[in-house]
Structures are given as C-alpha cells and as structure tokens.
Amino acid sequence: MNVSSIGKPLTRVDGRAKVTGTARYAADFNQPGQLYAVIVSATVGLGRVTEIASTEVERMPGVVAVITHRNAQKLPYLPHKGVIDPAVGERLHVLQDDQVHFYGQPVAIVVADNLDHAERAAAALRITYAARRPLVDHADRTIERIAPKSADGSRGDADVAVTQAPVMIDEAYEIARENHNPMEPHATTAAWSGDRLTLWSKSQYLVNEQAEIAAVFGLPVENVEVICPFIGGAFGTSLRTWPHVTLAALAARQTGRTVKLVLSRKQMFFTTGHRPRTLQRIALGATPDGKLTGVIHEGTGETSRYEQFTEALTAATAYLYSCPNVRTQYRLAQLDTSTPNHMRGPGEASGIFALESAMDELSYKLGIDPIELRRRNEPRRDEAENKPFSSRSLMQCYELGSERFGWARRTPEPRSMRDGRLLIGLGAATATYPAYHAPASARVRLLADGLAEVEAAASDMGPGTYTSMTQVAAEFLGLPPEQVRFRLGQSAYPQTPSHGGSWTMASVGSAIRAACVEAQAQAASRAVADSGSPVFEASVDDLEWSEGRLRRRGDASPGMSYRDIIARTGTPVEAEGSAQRDPEVAEGYSMHSFGAVFAEVAIDPDVGTIRVRRIVGAYGIGRVVNPLLARSQCTGGMIGGIGMALMERTVLDPRDGRPVNAHMADYLMPVNLDVPKLEAYFVDEVDPHVNPLGVKGLGEIALVGTAPAIANAVFHATGRRVRSLPIHIEDVLTA
Amino acid sequence: MFPFTLEKPRSTEDAIAAAASGARFIAGGTTLIDLMREQVECPDRLIDINSLPFGGIRVEGEDLVIGALARMAEVAADPNVQRLQPLIAESLIEGASPQLRNMASMGGNLLQRVRCPYFRMLDAGCNKRTPGSGCAAIDGLNSGHAILGTSDHCVATHPSDVAVALVALDATMRVKGPQGERSFPVEELFRLPGDTPHLEHTLLPGELIVEIRVPGGPHSRRARYLKVRDRASYEFALVSAAAALSIEDGVIREVRLAVGGVGTRPWRLRDCEAALVGTRPERRAFEEAAQLARQGARPLRHNQFKVELLPRTVVRALALAGEVA
C-alpha cells in the first residue's frame, strides 16, 4: 500500500514562486538586446488601407522598423488546424494585404529600441482607409445564418409535441459578447537563430503554437520551440495562436533581432477571441404533472467572415433530461468581427442558461418546485446517444446542495421573501459539461538522489496543474510529493492536448500514471538484472512496489528504493508513458460531469441594485485529486458566473464595430465586494470508465449553471423574468 | 507615453508661475498619468505640487477646512470629517478603489476628467478632447451619459462623487493664482459644456486650488450619500445622490440635495429642496419632491433608465438621511 497523495489538500507547490515574484510569465522573459514591438490596430471596421505615412515615423527616435503589408515578408501560411482551431475557414493572415476585416485588426507593427519609442511611433503612424460600414449586430435580421456541419439533432417530433403539450413555454434568450480579460496580457518574445525560432509566449497549447508558427513560416515543426512555464489566467483566450505571435516572429525575422511584443488591454478586445454573443429559443412542452413531452432548442452564435467558430451551444439539451421529442438547431451569423473563441464553459455555459431559465419558467407555470421538476425528468440513460452514463449524480448533487443551501426555507411565490426592505430570491440550476479525454504523454526520470522528475508539455493557467500532477506522480511512484519535481510549459516535453476543455487532469494525469508505471517496470528490470541486488534473477511478476520500494511479494524486508537501484549504476531511469481513452469504453458510455448550483440574491426595490448573497454548488466530477484546488476552481468559476449573469458585456459601436468598453473600468467584472460566500461540495462518485484516475474534470462546469441560478433567483425575488444577460439595474428597476 | 519634464517647485509662487506659462500641476496623478499613458493628454511639463503646504484637515468654528493636497483616504478616515461632515467621508469611500484613494488628492478629484469612453479613444470624435471633432457619444453608446446639462456638443457626466457632496453642502474653495487669492462656491468651479466642452472649469491660467471649506450646520449630521451602480465597488455612478436634512419638531427645516451620474456637472436640486422645506420627512413627500429632479432631462438612446432611476435614488437617499423606512 502506498501513502496516498491523490485526494490530499496539498497547498500549491508553485505558490511560493508566485507570491514572491520568482515565477516568470511570458512578458518576464527578457533577452539581451531585444527590440520592442507595438501593434497598430485598424481604426475602421471594414475596408482597405489606402495610405500609410511610414517614412516620417521611421525617422522618429529609436525606431528600427515600421512593418506593414507593403514591406512585410510574404509568409507561406501552410495549412494547419489544431483541435481548437475552427474546422471551416482560414485564419487571419496578418500584414499580407491591404484588407481590413474588422475594427482593431493589426495593420502595422512598429519596432523600436525601447517600449516608449515604439508606443510613440505607433501613435504617430498615420494610416488612411477606404472604409465601409461593417455588420456587427448579430440581431440584424438581414444577416444570413449559416448551418455549420452537424449543427442539428432530433429525436421524435418535438415541434408537434410542444404544440400539443398541455403546458408550454416558448421564449427567446440572449447573452452578450464577453471577453476573457485575464489579468496577464498576451505576450510573445521571439528570437531567431538561423532558421530556428524560440518563442517565450503565453499559451495554453504549446505544441499547437509550435506547429502553427512552423506552418505560418514554412518551417519544420522541430525548428520552433515554445516556452511558457506560468500563465496569469487565460480562461481560453490563449488556446489558439493569435496573430500577435506571428507578428512578433515576423518583426524579429525582419529586423534580425529578438523582439518582444505585449498586447495592451484594449488590444485584448481585438484579436484574441471572445465568447460569442448568442441568441436562443427554447420551447418546452410538458404534462400537468411536469413530465417533459417536447424540447426545442435553437441557437445562433456569431463568427467572423473568414472562419466558422462553433461551440456546443445546444449539446447538453440532448441528454440533460428525459424527453422523447427533442430538436436542436445551431446557426452562425457571419459578422465583420474577429473570430470568437472558447471561453470558460464554452457552449454549455450559454446553452444551459437558456435551458435552465426555461425549466425554471416551466416550474412556476406548473406550480412544481424547480428541483422536483428536474427530478421528474431525470433520465436513466443518455437518450440522445442511447447509452448509459458512465456516472451521473445530478440528483445527489441537488440533494446535497439543497441541504447545504437551505432550499427548504424558500417560499415558492415570487416576491414572497424579504430581508427588511430588500427582496430576496433563491434560484437553482443544473450544470453539466462533458468528461473529455485526449491522447497525452509524459516522461518520468528517476534520479540517483531519489528525486523523480516528471515532464509534460502541459500548461497551468491557474487550476493548480503543477500541484495536482505532482500528486499523481507521487501517488503512482509511492513517493512523498516533496520528492517529485513536475515541469511543464515547454513544447519540447512530451506532447499533451490543449489546456482547456477540462481534460488536463484526465489526459495528462493518465499519461503521468502510465509513465510512472513504465518507470517502475524499468527500475524493476534493472534490479533483477543486478547481481548485487536482493531481487537478483527474481521474476518481475513476483515483485511488488510499495511506498517507492521494490521487494518480493510478501517479503518483510525493507526492499530497494529507487535510489538504491539507480545509485548502483548512476544512470537515471527514464520512461515515457502515453494514455488515451479506450475506444470501446468511449463508444459504450456517455461521459459527463453534473452539478447543481444554488444562488441567493438581494435586490433593492427602490434603486434596483442586485447583489448575490450566496452561491452553493454541488458537483459530481468523479475523483477529486485535491480538494483545496477543486474548491478554488469552483469558486473561480462561480465568480465568472456572477460576471456573466450581472456584469460582463462587450459593447460594439454599430457604426464601426469598435468595442466601446475595451477598458477595465468599463468592462465590468466582479470585484471583491461583489463576491459573497461561495461554497463548493463534491458528492462521492466513483467512475470506473472515464479514465484510470476516475477524474471527470472541473474547470468548465464550475462556471456553467451559475448564471441561470442567479437569473432564476432574480425572478424569484422580483417576479421579473430577465432573459437577456447580463442583468443590469435597468432590467429590474420597475419590477 | 510622450516625454515630459517633472519639476519640483521651490515655492507656491514658482509653481503658479510655471502653470501660468503652460505647465500642468500634478498631485496624486491618478487621472493625469492614466490619460498620458493612453496619449489622451500629452503635457510636456509637469509641476509636482506635493511638497506645497496645502495638506491637512482642520476645524475652524463650525467649518471644516480640507487642504487641497489631502488624500481621499486621509480625508475619509479623519475623525473630524466623520464627526462633522459624514457625508463627505461616505462619498469618498464610495469613490474609486483603496489604491486610488490613497494617492488621489482632493483638489485633483474635483478636476478629474470625464469617463466617457470616446474621450479616451483617439480615433473617435470628442469635442472635449479635440474641439470641433464632434461627439461620438450622442449617436453612439451612451448608457452611462448625462441627461441633465447636456448640449449638442457633449453629454459626458462629471465623474466625481465627493464633488456631489461638496456642492450639496455649499462648500467653497480657495484658489491662489498669479493675481492673488480668491474664494468661490465649489459649485461655480464646474462649467456646463455648451459649445465649449473642452473648457471644464472656471479656474484662470495658473490658478491652484489650495483648500476647501465646508460650513457646518444642523443638516450636517443627518446626511447620506447613495451611489447606485451595477457592481458594488470600483465603478462610476449610474446615479448618485447626496442628501442632508435638518429636521425640527418633525418638520424639515432645511434640505441639501445634489446628484451625480446624471449631469454634466455635479447637479444641485434646488427645486426639490424648496418643495421639501416645511414638509414632514415622509416617503410620500420625498417621492413628490423627487419628481422635480428630472425637470429638463434630455435622455439619450441608451440612458433613458436614468430618468426613472434618478428620482428613485433621490427618494432613497432622503430616506437614508431622514432615517425613514
């Protein structure tokens, strides 16, 4: 038996480095003699560049180069699509022609000897455009809707079922565009050595950044190296390799010097993705006792003209509840904007808001408690895929959450609960997200001093990957976590999938487990071949590892430690391991995480201020590797959900498509005073199917469900159903 | 940021002389540096006035005297301010963030620039930033903009919270300039935009605010500041209201009422005040008087809710001040 590391509340192994400032983020990697680049962004929303007055700017102090489509190197832009790139369309080619596709598109890059000089020159660069009015309003009916591949799904006849249902809900929902707004800006430093390129660059997907930039510049993949040991928050914005990475590399190539490029906060609203604004319709049909007879979910997202970004907006509707007649439809409106991107809880967070708001509406119409309504529609299996769930604890989540939240004190009638003058509302909503798994690999090196080094090309944008992977390696090597050194953030390490989609723990964790098992096998082989070892010539099958020591089964001797084995030759044991989900298991089960989220709001009936007083979430996510980190993940997701429900909205000026509030004072996100008591609980759930670790992922589901729980609480408090997020004072003022 | 020189003056006279010849004063720098980073302001010469003797807070008779260089945080925490003019402390705490309040001076607070997003976008029309370039907000996104005191050239609100309290309390300010000293009501510091929105205040070239004087009275203790906004902190007001009441024998003897977030300058509500004097401090009276607050309101496309939110905020602030449920 090993002393278990998995499940322990280990504090962050990188915590000290972060709070003492020794952790180095992308913009912290300065190189001697580097130049500074500043992007000049288009100030029109559509059209072309007609004139660039670069000559005078080139003569400004410190300026080394002004690079525009007129003098930029023509780049090969070989085909490349990573898992996170849109399947249809072609990425933006920067500085390759005079076309402006959206407001804020990079149209020039100014390179100078220091940042001040570069900023000043960039501001002085006069560019003339032939501009047209862009189409940026998704609700504009004249915009053509396109149907992406596999966008629609259906079972039974939902339209007939809804029309004939004794009780019906049919409503429209809207969610504003949001930007990720992590604390750390995007940053890339690019250094060429001949035809080899090193990028110190903020990335959630290093091996894809490596492959993408290799393709853009027509290089062999191995000629590009990407380094990113720390990420100061990302929420999905660093999944793709955006144009600024190409621009940094291009500027470095054209100047022959190392170039550092950091985006401004404003520029982070231009070309680094956003949660697309969505328009949705939900129609529900039900029997008077609350059994769903038909569900229709139609949704439209926004995308750019040059790529079709799709997300799983309607996916959860197909499996969340039991219903014989379900129809889902997904469309895209192509706008003159940049391409959206995955943002925490992508697709599900938006789709679930609509579905869970409608379920809440239905509960009032039926006079059935909202949780009871969900219980009456709890499916026994995934009715869309017609297969069993690998595990599903939604009802246990509702039970645990109800109890901790005190749902029983809720009086059903809207406007029936008060605290002094304030209107109090309690709301609940379901959360769900798929338990994904992608092929990954990892390396374990057992050193002569007894330490284990573990490496994978993964990222840690904040969930605590450094810590949780250390725990996984410690668990399977039988070592205390202090003897494990886990490293990530280099493209040269064994390949991992993108750090997003809540699959890092499942994918990289399983690969580390495999690498540990392989390292132990190699160490055992070495021991049995060693004439000086106590297990010399033993059959490997007769040996066992326990707490990092090798001995014959049933033998009471101390056995051999890794250090004992390795010290005899001095050569470290190095093993790689890979893992992926067994296709038969993947085919056989529907794999998702589930949760129940509860929110309490207090609304001032005079002036309409809405404050969240409490959020409780209960989740079934398989095994919890580290309860401290898991709780932290959940509270972070809940705060993101408060933002989605009550604050976040990127506002575009319809005249030129500019984001008007591209500023931290104007793009509202929760501050400490907006964050109430947040509680996260995990139901005991054993899922033997998802992966060898039994983990289902947590990062995304932590945001899903919070916004509808809050919106449902707002209705309970006021009797006003707000179907458009974010909910602001003006929406409840006259309620 | 563009290059500039930063000078420490040897005396107040030096500082004033420098400013009269085009230099800009800098105290906390929380507005100016921000705007310089965004290249909205590009002064080439800054005079650091922090060493000049205009800090501190003192009491003279019934008056509270606040040095122009006193920091927002310092004033908010001052026992005399809390005791004599709690409205000022409350309005300061509702403003900005702790970091900004630690740096920002009282004089600078009054002179802070507007938060209209187009003012900060060099590629958008803004008559305040670039006279004659038009106003992008009037036909653009304007949910945060003013409904009172606007013109066809500018619709930006004045962003200060404490200015609303000072205007309500009939505070005066003392300034020093090349021609000597003068004092005038804080309310007269702020200009309406008219057709010259780039002229925001009535200070003459080189004039420096040195102190703010707040007269005390029976209304001072029964005074509250209410700031309404979509997040609980670190956001400018959608609507705010400063209300101070003097009540004798169950009847309102005196009222001071000013609002923020709705006007192009801190907006005193004298008609509401007049309507309340002699009435009982009851919700119905507050509601009737508050209707007068929106006289002359000119809502824009996205800020019509302010016409409704304004009287509601006034009622609530009066209720808080009068301790009426």
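The values are calculated or read from the model by the stated rules, or taken from the named source; none is laboratory data. Note that the structure is a prediction, hence the values are computed from the model and not measured. Using ideal geometry, Cβ is built from the backbone for each residue, glycine included, and neighbour counts are taken over all protein chains shown. Surface areas here come from the heavy atoms of the whole protein model, side chains and all, with no ligands, DNA or RNA. Shrake-Rupley method; radii C 1.70, N 1.55, O 1.52, S 1.80 Å.
Summary table
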item: Expected-Rg normalisation [2.2 N^0.38 Å, Cα atoms] applied to the stretch B:223-323; result: 1.04
item: Charge dipole magnitude, Cβ of K and R +1, D and E -1 - chain A, Cα centre, debye nearest 20; result: 940
item: Qualifying trypsin sites (Lys or Arg not before Pro) in the stretch B:1-108, DSSP loop, other Cβ atoms within 10 Å at most 15; result: B:Arg10
item: Rg over Rh [alpha-carbon atoms, Kirkwood Rh] for the stretch A:464-554; result: 1.06
item: For the stretch A:222-239, 3J(HN,Hα) per residue [Karplus equation, 6.51 cos²θ - 1.76 cosθ + 1.60, θ = phi - 60°, Hz, x = Gly/Pro]; result: 6, 7, 10, 10, 10, 10, 7, x, 9, 10, x, x, 8, 6, x, 5, 9, 6
item: Eligible lysines near A:Lys74 by straight Cα distance, threshold 22 Å, same-chain separation 8 or greater; result: A:Lys260
item: The stretch A:1-151, Cα convex hull volume normalised per residue, Å³; result: 270
item: Helical segments meeting 20 Å axial Cα length and Kyte-Doolittle -1.0 threshold in chain A (DSSP H); result: A:348-366, A:504-528, A:627-646
item: Selected from A:Phe486, A:Phe235, A:Tyr103, residue furthest toward positive end of dipole (the protein assembly as shown; charges at beta carbon); result: A:Tyr103
item: Where only alpha carbons of the stretch B:5-50 are counted, the Rg and the Dmax (Å); result: 10.5, 31
item: Contour excess over end-to-end distance, with Cα ends at A:Val675 and A:Leu115 and 0.36 nm allotted per residue; result: 198.0 nm
item: The stretch A:171-261: C-alpha gyration tensor shape, a/c 1.5 cut-off, then a/b vs b/c; result: prolate
item: Theoretical FRET efficiency, 1/(1+(r/R0)^6), r = Cβ-Cβ of A:Arg421 and A:Met664, R0 25 Å, to 0.05; result: 0.15
item: The protein assembly as shown - accessible surface per residue (Å², probe 1.4 Å); result: 36
item: Segment A:Ala53-A:Arg155, length gained on full extension (0.36 nm per residue, minus Cα span); result: 30.7 nm
item: Peptide ranges A:271-282, A:512-523, B:246-257 listed from the most packed, as the mean C-beta count within 10 angstrom indicates; result: A:271-282, A:512-523, B:246-257
item: Helix B:305-322 axis, angle to chain B major axis (alpha carbon atoms, nearest 10°); result: 70
item: Sequence-distant residues sharing a close amide H with A:Leu46 (under 5 Å, placed H); result: A:Arg132
item: 5 angstrom amide H check on A:Asp382, placed H, neighbours 5+ away; result: A:Lys387, A:Phe389
item: The protein assembly as shown, accessible surface, carbon-and-sulfur percent (1.4 angstrom probe); result: 50
item: Note, ³J(HN,Hα) from phi for the stretch B:107-117, Karplus 6.51, -1.76, 1.60, rounded to Hz, x at Gly and Pro; result: x, x, 4, 5, 9, 4, 7, 6, 9, 4, x
item: Whichever lysines have a C-alpha closer than 25 Å to that of B:Lys176, once near sequence neighbours (fewer than 8 apart) are set aside; result: B:Lys8
item: For residues of A:658-668, the mean tally of beta carbons on other chains within 10 Å; result: 5
item: Test item: A:602-609 mean partner chain Cβ contacts at 10 Å; result: 6
item: Projected label distance in nm at A:Arg375 and A:Leu78, using a 7 Å step from Cα toward the beta-carbon; result: 6.0
item: ³J(HN,Hα) computed for each position of the stretch A:36-53 - Karplus, 6.51 cos²θ - 1.76 cosθ + 1.60, integer Hz, glycine/proline x; result: 10, 10, 10, 7, 9, 9, 4, 9, 10, x, 6, x, 8, 7, 10, 8, 10, 8
item: Solvent-accessible area buried by pairing B with A, both sides, nearest 100 square angstrom, 1.4 angstrom probe; result: 3100
item: Residues whose placed amide H lies under 5 Å from that of A:Ala431, excluding near-sequence neighbours; result: A:Gly595, A:Ala596, A:Val597
item: Shielding score for B:234-242, defined as the mean number of other chain Cβ atoms within 10 Å; result: 3
item: Hits among lysines - C-alpha to C-alpha of A:Lys696 under 20 Å, sequence gap 8 or more where chains match; result: A:Lys8, A:Lys387
item: Centre separation in Å (Cα based) which lies between the stretch B:271-321 and the stretch A:668-697; result: 46
